[in-house]
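Below is one structure, written out as structure tokens; comments come after it.
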Amino acid sequence: MHQIMRFMESCSYRFAQPADLKMVRSELSDEAWLRLSGLLECSSTRPDWIVLAFAGKRLAAMLALVTHCEFGLPLELFEFHGNLNGRIDSLELLQFAIEKARSLGSRELFYTFSADSGGTDAISDAGFRLWRNTLRLQSTKPTGIGMRGYRSCATSAFARSEIIALLERTSELSADSQIQFYRERLGGLKDAEMTLKVMEYTKYDPDWWRVALTPGGQMIGIVLPVLVYGEPTIGFIGVRPEYRGRRIAQFLLGEAWSVMSRSGWSTLYAEADQRNRSMYRALVSSGFTLQCQKQEWRLDLCRMGT
């Protein structure tokens with residue numbers, strides 16, 4: 001333990017420059033570099049958002065501030081291991097990245113890692129609080145179901161105000177802790193507006209966004225697949241409370257996938273709050289399989305120092 005503390009104290013930190021990327025490439029594993037280069041390529045991070053930790057002259061650890069491509073402000077912290085010495089549980093390293101995010105105007109940061117990871121003391125000391133436990137799933141061919149008389153169409157067929165109203169209705173009584181938090185904090189309509197804005201900041205094909213309609217044309221559900229860090233992911237899916245239990249979510253997943261697969265995508269990802277068992281069951285019954293379990297921690301930058 002004392003050796004680890006001495007090692008941590010000897011570290012120095014700085015943000016990367018474009019010229020550092022060649023050195024970073026030589027230090028990371030192929031898998032870690034592929035992830036980092038993908039984030040750089042899709043403008044989810046920048047060299048000056050990458051924190052380099054050095055033990056003497058040797059690169060020992062890395063953190064990157066990451067955003068959705070069009071959002072412009074850091075939203076998450078990503079840690080890179082690869083061929084480095086593994087996690088350095090360093091409060092100073094985290095604070096270095098946090099101050100950068102604050103200076104850029106970020107209001108909150110998320111830090112996600114495997115549910116069985118240890119070493120959360122520094123994360124907690126930095127002000128992060130455990131936000132929720134999530135399940136990450138993937139499917140190479142989501143299974144849709146036919147709904148007699150029901151159909152789907154692109155969200156572009158409706159006014160933006162109608163989509164916001166549908167998001168608000170389909171978020172009611174949700175078991176997702178993140179949706180519950182923002183609905184209580186902002187109100188249902190403001191939460192729906194924020195959800196749509198966040199989805200619009202990502203990359204997506206408008207044809208992917210589908211609305212489920214009853215035989216009479218009533219809007220009862222919605223699915224918003226987007227590209228999250230270059231991966232096709234279900235950004236939001238919801239069904240009006242009075243229509244839940246009728247497999248509308250499975251219907252929407254199949255409808256979205258039929259459009260996305262024609263664009264050449266072969267894998268679709270989704271995440272479910274561990275508490276949202278009904279969403280997990282809907283995903284599994286649609287052909288998704290569990291990939292991993294994760295912890296998601298949140299830091300409220302607006303409350304720091306108050």
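The values are calculated or read from the model by the stated rules, or taken from the named source; none is laboratory data. Keep in mind that what you see is a predicted model, and the values were worked out from it rather than measured. Here the Cβ positions follow ideal geometry from the backbone for every residue, glycine too, while neighbour counts run over all protein chains shown.
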Pairs, first without any contact (Cβ under 8 Å) to a residue 60 or more places away in the chain in segment 137-160, second part of a loop (DSSP other than H, G, I, E, B), C-beta under 9 Å, six or more apart: R148/P215; A154/W209; S156/W209
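Within the group A60, A32, A64, which residue is surrounded by 18 or more Cβ atoms within 10 Å (Cβ to Cβ), farther than 23 Å from K294 by Cβ and not polar (S, T, N, Q)?
A60
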Complete set of residues in segment 278-300 that are assigned to a strand (DSSP E or B), hydrophobic (A, V, I, L, M, F, W, C) and either free of Cβ contacts under 8 Å to residues at least 40 places away in the same chain or within 20 Å of Q180 (Cα to Cα) (or both): W297, L299
Selected residue [assigned by TED's automatic domain parsing to the domain that holds T170, among the hydroxyl-bearing types (S, T, Y) and within 23 Å of C153 (Cβ to Cβ)] from Y243, Y280: Y243
Number of positions in segment 218-232 that are surrounded by 21 or more Cβ atoms within 10 Å (Cβ to Cβ) and out of contact with any helix residue (DSSP H, G or I) (no Cβ under 7 Å at 6 or more places or on another chain): 0
Test: residue in segment 137-152 that is more than 19 Å from the chain's Cα centre (by Cα), of a type in the set (K, R) and in a helix (DSSP H, G or I): no
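Any chance you could count how many residues in segment 31-53 are touching a residue at least 40 places away in the same chain (Cβ under 8 Å), under 18 Å from Y13 (Cα atoms) and in contact with a Lys or Arg (Cβ under 8 Å, 6 or more places away or on another chain)?
Residues in segment 31-53 being touching a residue at least 40 places away in the same chain (Cβ under 8 Å), under 18 Å from Y13 (Cα atoms) and in contact with a Lys or Arg (Cβ under 8 Å, 6 or more places away or on another chain): 2 in total.
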Residue match in segment 158-168 (condition: at pLDDT below 95, within 27 Å of S261 (Cβ to Cβ) and crowded, with 19+ Cβ neighbours inside 10 Å): no
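With respect to A192, is the statement that it is closer than 25 Å to P74 by Cα, hydrophobic (A, V, I, L, M, F, W, C) and at pLDDT 95 or above true?
Answer is yes for this residue.
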Whichever residue in segment 252-277 is without any contact (Cβ under 8 Å) to a residue 60 or more places away in the chain and outside any helix (DSSP H, G or I) and, among such residues, is nearest to the chain's Cα centre (by Cα): W265
Checklist (1) closer than 25 Å to W131 by Cα; (2) among the acidic types (D, E); (3) at pLDDT below 90 applied to E9, failing item: (1)
Condition check for L130: of a type outside the set (F, W, Y), in a helix (DSSP H, G or I) and either in the same structural domain as T233 (by TED's automatic domain parsing) or exposed (fewer than 13 other Cβ atoms within 10 Å of the Cβ) (or both): no
